[in-house]
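Below is one structure, written out as structure tokens; the observations come after it.
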Amino acid sequence: MTRILVLGGTTEASRLARALFEARVDAVFSYAGRTSDPVAQPLPTRIGGFGGVKGLEAYLTREGITHVVDATHPFASQMSRNAVTACTSTATPMIVLERAAWAAGPGDDWHSVRDIDAAVDALPDIPARVFLAIGKQTLAPFAAKPQHHYLMRLVDPPSGPLPLPRASVVIARGPFDIATDTALMRAHSITHIVAKNAGGAGAEAKLFAARALYLPVILIDRPAMPPRKVVATVAGVMDWIGHFATERGV
Ligand code: 3Y8
Ligand code: NAP
């Protein structure tokens, strides 16, 4: 019998969960437990890490998972690497549901950088006002440039002090829209935006706002990943599952 594990946490994962539920496919949805109140899913949902590769291998076996869909985020590289390793060692078919990277359009002033440290280096030395639209987990490196005022957007209120002396915090869960992001950047007199090349529609509003305001964007490239089967649409995943179901006659 087909039983799907969806490694979730993105807009695409939520769309896939809806499609699997409506197709009455036996599936379980998985969150890391990063946020206090994640969006409810129509599928049975587990929350929390598996306990590394070994924990994921044990989960796949114990739960009788027949297919894994990695619908996490392009920057959730540890989870994605663990999924490749565990699915290979347990011979569990796996597919990645991932949106295409953003590409600059006319009027964009983007500066692509390799990683977070390169993003810090790309900021000017003279004091600026920087919109750090990268969440909470990778803020610490920006303490190397305390002269800037940082605007941070977090999903949940910070539990402790933030690593940056001059900081404003906005608590918001996307998806975001252009008008809100443009107003936010104007209200905080933002001069630079730092973002991850996440792709997708849920986080791109800030890029259009930056274009409208003629602001530079420091865009962090996605981490390199091992070779995997990747599709960009829910339909692509459903076809892949259907293919296996037909093959197995289940
Ligand atoms: C816990 C689940 C859905 C999914 C919605 C998408 C869109 C809104 C935009 C900005 C950028 C950022 C951040 C962001 C977006 C969607 C999507 C997306 C970016 C939730 C969610 C979980 C997380 C984890 C969270 C990270 C953080 C990253 C904020 C839910 C809301 C910056 C990524 O506080 C923390 O520890 C937050 C951690 C990983 C990156 C970081 O390093 O801090 N996402 N985001 C998932 C889990 O527990 O497994 O709470 O409902 C999901 C979404 N966030 O179903 O509608 O699909 O991308 N998420 C980035 O793109 O750079 C915000 O502010 O402009
Ligand atoms: P990560 O650094 O790649 O993963 C770190 C550890 O978190 C993993 O090894 C695993 O723990 C656990 N984990 C991650 N995703 C999980 C999931 N869906 N289900 C169960 N455990 C999970 O992950 P991350 O970048 O912190 O992302 C965490 C979650 O936020 C993911 O669901 C991702 O889709 C979502 N998200 C991330 C970003 C981002 O910018 N990184 C953006 C939007 C959404 P164990 O080793 O114990 O199994």
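The values are calculated or read from the model by the stated rules, or taken from the named source; none is laboratory data. No experiment lies behind these values; they were computed from the predicted model shown. Using ideal geometry, Cβ is built from the backbone for each residue, glycine included, and neighbour counts are taken over all protein chains shown. Surface accessibility is based on the protein's heavy atoms, side chains included, excluding ligands, DNA and RNA. Shrake-Rupley method; radii C 1.70, N 1.55, O 1.52, S 1.80 Å.
I need the full set of residues from the stretch 82-94 which are of a type outside the set (G, A, S), within 14 Å of K54 (Cβ to Cβ) and more than 6 Å from ligand 2 (Cβ to nearest atom), in order please.
Looking only at the stretch 82-94, we keep the residues that are of a type outside the set (G, A, S), and these are 82, 84-85, 87-88, 90, 92-94.
In the following step, the residues that additionally are within 14 Å of K54 (Cβ to Cβ) were identified as 82, 85, 87-88, 90.
Within the stretch 82-94, T85, C87, T88, T90 qualify.
Mind listing whichever residues of the stretch 55-91 are in a loop (DSSP other than H, G, I, E, B) and either in contact with a Ser or Thr (Cβ under 7 Å, 6 or more places away or on another chain) or within 16 Å of ligand 1 (Cβ to nearest atom) (or both)? Spell out the reasoning first.
Residues of the stretch 55-91 in a loop (DSSP other than H, G, I, E, B): 63-66, 71-76, 90-91.
Hits for the stretch 55-91 are I65, T66, A71, T72, H73, P74, F75, A76, T90.
Among what's in the stretch 82-125 and is more than 20 Å from the chain's Cα centre (by Cα) and small (G, A, S), pick the residue that is surrounded by the most Cβ atoms within 10 Å (Cβ to Cβ).
Selected residue: A86.
For D156, are the conditions met, namely being in a loop (DSSP other than H, G, I, E, B) and acidic (D, E)? Break it down stepwise before answering.
Working: in a loop (DSSP other than H, G, I, E, B): yes; acidic (D, E): yes.
Taking the combined requirement at face value, the residue satisfies it.
Any residue that is farther than 20 Å from I241 by Cβ and in contact with a strand residue (DSSP E or B) (Cβ under 7 Å, 6 or more places away or on another chain) - is there at least one of those in the stretch 46-57? It would help to see each step written out before you state the result.
The initial filter retains those residues of the stretch 46-57 that are farther than 20 Å from I241 by Cβ, namely 47-55, 57.
Narrowing the set further to residues that are in contact with a strand residue (DSSP E or B) (Cβ under 7 Å, 6 or more places away or on another chain) leaves 47.
Taking every residue of the stretch 46-57 in turn, at least one turns out to be farther than 20 Å from I241 by Cβ and in contact with a strand residue (DSSP E or B) (Cβ under 7 Å, 6 or more places away or on another chain).
Please specify each residue of the stretch 1-20 satisfying the condition of being within 9 Å of ligand 2 (Cβ to nearest atom), part of a loop (DSSP other than H, G, I, E, B) and under 14 Å from P44 (Cβ atoms).
Matches in the stretch 1-20: G8 only.
Under 8 Å between Cβ atoms, which residue pairs at least 6 apart in sequence (or on different chains) link something in the stretch 186-198 that is closer than 16 Å to R211 by Cβ with a partner that is basic (K, R) and within 9 Å of ligand 1 (Cβ to nearest atom)?
Partner pairs satisfying both residue conditions: I193/K206; A195/K206.
What pairs can you find where one residue is in the stretch 30-46 and farther than 11 Å from A13 by Cα and at pLDDT 95 or above, the other is assigned to a loop (DSSP other than H, G, I, E, B) and near ligand 2 (Cβ under 7 Å from one of its atoms), and their Cβ atoms are less than 6 Å apart, with a gap of 6+ or different chains?
Partner pairs satisfying both residue conditions: G33/G48.
Please determine, by comparing only the residues of the stretch 71-81 that are near ligand 2 (Cβ under 7 Å from one of its atoms) and touching a residue at least 60 places away in the same chain (Cβ under 8 Å), which one is surrounded by the fewest Cβ atoms within 10 Å (Cβ to Cβ). Step through it out loud before you land on a result.
Step one: filter the stretch 71-81 for residues near ligand 2 (Cβ under 7 Å from one of its atoms), giving 72-73, 75-80.
Filter again for touching a residue at least 60 places away in the same chain (Cβ under 8 Å), leaving 72-73, 75-77, 79-80.
Working: T72: 25, H73: 25, F75: 19, A76: 19, S77: 14, M79: 18, S80: 22.
In this case the residue turns out to be S77.
Scan the stretch 118-134 and tell me whether some residue there is within 10 Å of ligand 2 (Cβ to nearest atom), outside any strand (DSSP E or B) and either modelled with pLDDT under 95 or closer than 16 Å to A198 by Cβ (or both).
Here is the first cut: in the stretch 118-134, the residues within 10 Å of ligand 2 (Cβ to nearest atom) are 134.
When the remaining residues are screened for being outside any strand (DSSP E or B), the result is 134.
With the extra rule that they be either modelled with pLDDT under 95 or closer than 16 Å to A198 by Cβ (or both), the set shrinks to 134.
Yes, the stretch 118-134 contains at least one residue that is within 10 Å of ligand 2 (Cβ to nearest atom), outside any strand (DSSP E or B) and either modelled with pLDDT under 95 or closer than 16 Å to A198 by Cβ (or both).
Quick one: in the stretch 12-70, of everything that is closer than 25 Å to A91 by Cβ and charged (D, E, K, R), which residue is least open to solvent (accessible area, probe 1.4 Å)?
The selected residue is D70.
Search the stretch 159-187 for residues being in contact with a Phe, Trp or Tyr (Cβ under 7 Å, 6 or more places away or on another chain) and assigned to a loop (DSSP other than H, G, I, E, B), and hand back the single one that is most open to solvent (accessible area, probe 1.4 Å).
R166
For every residue, the table says whether it meets (1) part of a helix (DSSP H, G or I); (2) open to solvent by 50 Å² or more (accessible area, probe 1.4 Å); (3) away from ligand 2 (no atom under 14 Å from the Cβ).
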position	(1), (2), (3)
S189	no, yes, yes
V194	no, no, no
A198	no, no, no
A201	no, yes, no
R211	yes, yes, yes
Y214	no, yes, yes
L219	no, no, no
M225	no, yes, no
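Quick test for you: out of E22, E63, pick the one residue that is closer than 19 Å to G242 by Cα and acidic (D, E).
Values: E63 fails: closer than 19 Å to G242 by Cα.
That would be E22, the only listed residue that is closer than 19 Å to G242 by Cα and acidic (D, E).
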